[in-house]
Every structure is written in C-alpha cells, then in structure tokens.
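Here the structure comes first, spelled out in structure tokens, and everything after it is commentary.
The values are calculated or read from the model by the stated rules, or taken from the named source; none is laboratory data. Just so we're clear, the structure is a prediction, and the values are computed from it rather than from any experiment. Every residue, glycine among them, receives a Cβ derived from its backbone with ideal geometry; neighbour counts consider all protein chains shown. To get the accessible areas, we keep the full protein, side chains included, count just its heavy atoms, and leave off ligands, DNA and RNA. Shrake-Rupley method; radii C 1.70, N 1.55, O 1.52, S 1.80 Å.
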Amino acid sequence: MKNKKVIFTTKWITITAIMTALVVATNYIPTIPTPAGRIYWVDGIVLIAAFLLDPLAAFISGGIGSLLYDLIEAPWMMLPSLLIHGLQGAAVSALLHYVLPNTFKKWEWVKAIIFSLAGAVIVVLGYFAYRSITSGVPVAVTNIPRNIIQEIIGISISVVLCYATTFKSQLEKNHLLPDFKKEILKPKTENSGDTENEETAL
C-alpha cells in the first residue's frame, strides 16, 4: 500500500468542475417564493452529481458549488452550505455506489430515491440546526416545510433525468464519466512505466 497514491485524472477534474459550475449556475434560476422563504432548484444538480460521481466529487460539486454561490450572494451562508450540500452529495453517492452496488441493477432508480431521502434528511436537519442557532427554533421550524418541498423537487428532477431518460446510460456508454477504480485510485509504483493517461495529482 505504501506505493499507492491518490491520483485524479483530467477527466475526473473536468467532470467535477462542470458539476460544480452547474450547482453555482442553478442557484441563479428563478426561485419559487413561499411565506417561509425561497425554494431553490439546486438540490436536483447536487443529487445528479451524487448519482454520477464518487463521494468526493459529489461533495466538491454540492459543497463548493453552493459555497461559491453564497460567496457572491450570501457570504454568511458559505460554511453551512458547504457542509450541508457537500454532505448531502457525498452521503447519497456513497450509499448508492457502495451499499450493495451489484444488486438490483434494474431497480437502481428505486435505490436512488431511497438514498436521496437520506440526503434530504441531512439538508432538512442541517438547515434546521443552523437556523435554530442563528434565528431561533420557531423560525427554524417554519422553514422545515420549505426545505422538504425543495428536496422533493430535487429528488424528482434528478431521478427523472438520470433514470427515466438515457442521460446517465449514454454518459456511461460513451465513457464520459470517471471510472471509480481506474481513474480515481491508481497504483503508482517505482517500476511503473504506464504513461497511457496523463494524471494530475492533488
């Protein structure tokens, strides 16, 4: 194991950067106003990243993407957004790809919905905890329905796009997604002469 080193390929970095940029951009889509606040569409993109990518890439896409948006629009929300949406993406990705990964392949969309609910719990409880500390429990409670609706919308968008269409399968078929084993964790030994792919180490 001492000769192994974590390496991220150009493909991994590119796809992760694209998904991160999409998270930022999606935050600028007109929101749905409610008495408790605005409903954003961003959770759908965070979950798409979780369905397509590994947990680290999903954390970066959801967390850093949300942080960059808040850096411009709401700096006081940067840290909560980083942690909440980062953990949302990472948790859903880890559950989907590593919990019984080779079972129920034809029913992966069902697993995606179930595991997305775990991500929804992270978001709802995360923002509840943050608002309880900053604004008080009564205000935090009034925001719960809005967050639940936002999660339902996000889960619906991501599952429909990835599993009711050929979007995900076409990406996989055309090798446009990073391979978990070959492109994220790659052995690097002293005698290795494999230079087929140029890697970028982080």
Handout entry: For region 104-186, size of Cβ-based charge dipole, Lys and Arg +1, Asp and Glu -1, in debye
Key = 220
Exercise for the section: Could you state the orientation-averaged shadow area of the convex hull built on the Cα atoms of region 40-154, in nm² to one decimal? Expected result: 6.7
Completion exercise
Computed for the chain: size of charge dipole around the Cα centre, +1 on C-beta of each Lys and Arg, -1 on C-beta of each Asp and Glu, debye to nearest 20, value 380
Exercise for the section: Collect residues whose amide H, placed 1.01 Å from N in the peptide plane, falls under 5 Å from the amide H of T34; neighbours closer than 5 in sequence don't count. Expected result: I39
Completion exercise
If the chain between K11 and L171 were fully extended at 0.36 nm per residue, the gain over the current Cα-Cα distance would be 56.3 nm
Exercise for the section: List every DSSP H helix in the chain whose Cα atoms extend 30 Å or more along the helix's own long axis and whose mean Kyte-Doolittle hydropathy is at least 0.0. Expected result: 108-134, 137-163
Completion exercise
Full extension between I152 and A118 adds, at 0.36 nm per residue less the Cα distance, a length in nm of 11.0 nm
Problem - Ordering of 123-130, 138-145, 44-51 by burial proxy (mean other Cβ atoms within 10 Å per residue, highest first) - result: 44-51, 123-130, 138-145
Handout entry: Whole-number accessible area per residue in Å² for the chain, which is evaluated in the context of all protein chains at 1.4 Å
Key = 56
Completion exercise
Given the candidates A94, L82, A49, the one whose Cα lies deepest towards the positive end of the charge dipole of the chain, counting +1 at each Lys or Arg C-beta and -1 at each Asp or Glu C-beta, is A94
Problem - Radius, Kirkwood style, for region 1-93 when every pair of distinct Cα atoms is counted (Å) - result: 13.5
Practice task
Considering the convex hull of the alpha carbon atoms of region 93-132, report its projected area averaged over all viewing directions, in nm², one decimal.
Solution key: 2.7
Handout entry: Exposed GluC sites (Glu not before Pro) absent - longest run of the chain, DSSP non-H/G/I/E/B, at most 14 other C-beta within 10 Å
Key = 1-189
Fill in the blank from the handout: Rounded to the nearest 0.05, FRET efficiency between V137 and W76 (Cβ-Cβ, R0 22 Å) equals 0.70
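Using 0.36 nm per residue of separation minus the Cα-Cα distance, give me the extension gain between K106 and A25 in nm, one decimal.
26.0 nm
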